[in-house]
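Laboratory data are not the source of any read-out in this text; all were calculated from the coordinates shown. No experiment lies behind these values; they were computed from the predicted model shown. Methodologically, a virtual Cβ is constructed for each residue, glycine included, from the backbone with ideal geometry; neighbour enumeration extends over all protein chains shown.
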Protein chains: 2
Amino acid sequence: MVTLAEVAQHAGVSASTVSYVLSGKRSISATTRQRVERSIRELGYHPNAGARALASNRSNIIALMVPLRTDMYVPVMMEIAIAVATTARTHGYDVLLLTGEEGPDAVRRVAGSGLADGMILMDVELDDERLPLLRESAQPAVLIGLPADTTGLTCVDLDFKATGALCVKHLAGLGHRDVAVIGEAPAVYERHTGFAERTLDGLRSAARETGLRLLHRPCEGGYDATAVTVARILDERPDTTGFVVQNEAAVEPLLALLRQQGRAVPEDVSVVAVCPEQVAVQASVRLTSVSLPAQEMGRHAVEQLVAKLDGRGGDEVVLLPPALTVRASSGPAPVR
Amino acid sequence: MVTLAEVAQHAGVSASTVSYVLSGKRSISATTRQRVERSIRELGYHPNAGARALASNRSNIIALMVPLRTDMYVPVMMEIAIAVATTARTHGYDVLLLTGEEGPDAVRRVAGSGLADGMILMDVELDDERLPLLRESAQPAVLIGLPADTTGLTCVDLDFKATGALCVKHLAGLGHRDVAVIGEAPAVYERHTGFAERTLDGLRSAARETGLRLLHRPCEGGYDATAVTVARILDERPDTTGFVVQNEAAVEPLLALLRQQGRAVPEDVSVVAVCPEQVAVQASVRLTSVSLPAQEMGRHAVEQLVAKLDGRGGDEVVLLPPALTVRASSGPAPVR
DNA sequence: CTCTCCAGTCGAAGCGCTTCGACTGTCTGG
DNA sequence: CCAGACAGTCGAAGCGCTTCGACTGGAGAG
């Protein structure tokens, strides 16, 4: 391993000078800088992360806590995680992957050991058990998701309330009067995950506003569960002409069922999904959808966190505005 | 931040004693140990990661390089990543998430800075550009996937050749004579990703052995691309009664197409998939499949790496044996 | 022409931990 | 009863880096 001292000797300067060349915290003459940089290159020097962390009290690592749940749509998590990792790199940070397994203890461990400079928490629940710890440890953190009490916290999320409203207004605008919502798995609601409830909130208030009749049913996803849910919905509200789906695992089953029942999309029934763009585009019918901006959320989270670590910016709640893209699955309500 | 020295003072012992209590590298009397442990608890002490890394030359971090490709099935990657993270924790390691973005440089950076003690590379290509670097840096590493030249490397992977053979033999045993393979996206083959070619290899040699006629076609996945691929296959080989699918994104489209054409599964056509268990079970027809043991691969990779880091075990190639589960999508070939 | 200031450099003091060698007593075997 | 072994503890020397204060020489101000 090449050390700073060896670089210094090779370049004929002192160790501190090399350090200042690296950090840019003091001015260095052009000639010295070049000499040092050349030595660094020739010797293939890489600063030792541990030593740096010890001396500077900064690890240049961001911890990312990913939930372990099986009822969340995995590709979205992955997309966020990847976006976090690549954005972090552009700011000189690496990402430590923590799984939910360890639970709140992970917060303590990371904060206590100085392993990471800050953390990003995904899939935050309304009343998340990690939050008290976070507040008391004064660990710089950004949440992806929105807890009930956001005081002293920085959060990034899609504006799910506006998302729900957008879906209903789109369908209302097309003349639909009876709309069913195929929601997330029951467990998601029981956990009080903010986003599901907020979407529902938006759906409901927009329905009230537009005089639409709304029926919401949670759904596990998969063919069998979706078939049961859809059958119940159509049984209860045979006049349903619009579906809002907020469960990626129910999208394709729903389309298959409708096809099977001879209901044409979008002529007889309109479908609007809340899902990643890729799912909407690759479905058997190109879906009108509000996309889940996974990448953007990851990027924002990192940028908020880096701002905090740099002493810029404070607590803030960023709600990304939803965008509805009209594709082939929605159209005017059928005339009776 | 509480330091070792403070714990030592609080417990009335020297710093080194506390260190030995923590590491267990020297014997400590029961009473002293208890006193120290009590102080640690009372003060809420957490060893500082940087200092530890500097002094011991060990970071207790494993780097995981995840590819950034869009043509790989994401949930599998995620499952592996999660399995790696949780298994690593049980061995006292944390996981650093590196995306493919940085490319081979990441290997240099991590090896050079001592950020991680070892690394796990996912989605290794037959002739991966990271391998020379790995060899020369003598960085302890484990690959998930199998490159062309495995000398000096430790690899973990599913035995894809046996997987291919298993699929063909299953269908042959059921009396099928004409089998089509819907493969991964063309890009996957162009990249010379080992697993796709090895599966094909197994399929072909088993076909030769059993006298089966085999037609292989790469396929992007998604409805449109799959429709084109299937149409071409049935055009070229109208007598096809068996399908092997090795592309998660083509599974559901294929089933939908067959249904649409009035071909019943498994009465008219049998389908065998190579995919994660969840996909097989949640498909519209419960699929006979060889499962991708993502968790097991992640776990194995970590355990191999930890063994290396502990100076146990050497270079080794572990090929996990495939297991075929018969479900509702395969049955006897129809009699003509 | 002196005084101040600043860019540019260096030396040294840690950061919090691990680990080696050394020391002290206690126990065992001969 | 003593030599040797060994469990148990301590002090001190780093690990490789950052950063503070101090020093130097030359430029600009008065």
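Summary table
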{"quantity": "Strands (runs of 3 or more DSSP E) fully within region B:192-282 counting 2 or more residues that are closer than 26 Å to A:ARG259 by Cα", "calculated": "B:242-245, B:270-275"}
{"quantity": "Which listed residue is in contact with a strand residue (DSSP E or B) (Cβ under 9 Å, 6 or more places away or on another chain) and among the charged types (D, E, K, R), from A:ASP105, A:ASP94", "calculated": "A:ASP94"}
{"quantity": "Test result for B:ALA5, of a type in the set (A, V, I, L, M, F, W, C), within 16 Å of DNA strand C (Cβ to nearest atom), closer than 29 Å to A:MET119 by Cβ and outside any strand (DSSP E or B)", "calculated": "yes"}
{"quantity": "When residues of region A:35-67 are limited to those that are within 11 Å of DNA strand C (Cβ to nearest atom) and charged (D, E, K, R), the one nearest to the chain's Cα centre (by Cα)", "calculated": "A:ARG52"}
{"quantity": "Counted residues, region B:1-14 - those being within 10 Å of DNA strand D (Cβ to nearest atom) and within 14 Å of chain A (Cβ to nearest Cβ)", "calculated": "1"}
{"quantity": "Residue list for region A:29-52, restricted to those being hydrophobic (A, V, I, L, M, F, W, C) and crowded, with 17+ Cβ neighbours inside 10 Å", "calculated": "A:VAL36, A:ILE40, A:ALA49, A:ALA51"}
{"quantity": "Residue within region B:271-286 that is surrounded by fewer than 23 Cβ atoms within 10 Å (Cβ to Cβ), of a type in the set (Ser, Thr, Tyr), at negative phi and in contact (Cβ under 8 Å) with a residue 12 or more places away in the chain present", "calculated": "yes"}
{"quantity": "Region A:156-170, residues that are assigned to a helix (DSSP H, G or I) and within 17 Å of the chain's Cα centre (by Cα)", "calculated": "A:PHE160, A:LYS161, A:ALA162, A:THR163"}
{"quantity": "Test set (1) within 16 Å of DNA strand C (Cβ to nearest atom); (2) within 11 Å of chain A (Cβ to nearest Cβ) - B:THR32 fails condition number", "calculated": "(2)"}
{"quantity": "Condition check for B:THR17: near DNA strand D (Cβ under 8 Å from one of its atoms), crowded, with 18+ Cβ neighbours inside 10 Å and over 26 Å from the mean Cα position of the chain (by Cα)", "calculated": "yes"}
{"quantity": "Filter pass, A:SER39 being more than 20 Å from A:ASP310 (Cα to Cα), part of a helix (DSSP H, G or I) and away from chain B (no Cβ under 11 Å)", "calculated": "yes"}
{"quantity": "Residue list for region A:177-223, restricted to those being in contact with a His (Cβ under 9 Å, 6 or more places away or on another chain) and crowded, with 19+ Cβ neighbours inside 10 Å", "calculated": "A:ALA180, A:VAL181, A:ILE182, A:GLY183, A:LEU200, A:LEU203, A:LEU212"}
{"quantity": "Pairs where the first residue, in region B:1-29, is within 21 Å of A:ARG108 (Cβ to Cβ) and the second is within 8 Å of DNA strand D (Cβ to nearest atom) and assigned to a loop (DSSP other than H, G, I, E, B), C-beta under 6 Å, 6+ apart", "calculated": "B:VAL21/B:ILE28"}
